[in-house]
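J.: Right, I'll just put the structure down here and ask away after.
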Amino acid sequence: MTHMLLAGLALATAATMAAPTIEHTTRVDHHSGPVEVRYRGAVVIEHRQIGAVAPAGQSSTLRCAWTANMIVDRHAKASSGTLMTRNFARDGVAAGHQPGWCSSSRAAIAREVAAKTRDLHHDVTAMAQEDHDVLRAELDQIHGALAAG
């Protein structure tokens, strides 16, 4: 029985769960022409089972540690037709732990993450804004930097 419990713990140590996606579209100006950009972000929750189940009459140390990360995918289409994609993340937007098994705590964890990350659209928009310089640099590499006049 103990071996089966340990095998179950090993399988459940790094489970992952994703939340609904948030979309943000914008236009970035570049000397090669306007670039239409779509950002798609989602919070991804990683679960890690820690501790152990104790025999009857003793306190259990079993709990589920979790971390929520924001993952953003960028799809940009330049006026020349060039498509540029990028995936980037902001780690640790929320973290915590719940007593017991991760499998039975997923709904409570999802509610806690939702409470801690209320303005996801703002977060995706801020990450998109941070990406604009990276996108312009990629465009400069493809289309050449504007010659200094």
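J.: Which residue, of V72, V43, is without any contact (Cβ under 8 Å) to a residue 60 or more places away in the chain, in a strand (DSSP E or B) and either in contact with a strand residue (DSSP E or B) (Cβ under 7 Å, 6 or more places away or on another chain) or under 23 Å from I142 (Cβ atoms) (or both)?
T.: Working: V43 fails: without any contact (Cβ under 8 Å) to a residue 60 or more places away in the chain.
Checking each option against the conditions leaves just V72.
So that you can scan it fast, the table gives a plain yes or no per residue for (1) buried (at least 17 other Cβ atoms within 10 Å of the Cβ); (2) over 30 Å from D29 (Cα atoms); (3) touching a helix residue (DSSP H, G or I) at 6+ places or on another chain (Cβ under 8 Å):
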{"site": "A108", "(1), (2), (3)": "no, yes, no"}
{"site": "K116", "(1), (2), (3)": "no, yes, no"}
{"site": "D123", "(1), (2), (3)": "yes, no, no"}
{"site": "A126", "(1), (2), (3)": "no, no, no"}
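J.: Any residue in the stretch 101-125 that is closer than 23 Å to I50 by Cβ and among the charged types (D, E, K, R) sitting within a Cβ distance under 7 Å of a residue that is modelled with pLDDT under 90 and surrounded by 16 or more Cβ atoms within 10 Å (Cβ to Cβ)? List the pairs, counting only those 6 or more apart or interchain.
T.: Matching pairs, first to second residue: R106/M17.
The values are calculated or read from the model by the stated rules, or taken from the named source; none is laboratory data. This one's a predicted model, so the numbers in the text were calculated from it and none came from an experiment. All Cβ positions, glycine included, derive from the backbone under ideal geometry; neighbour counts span all protein chains shown.
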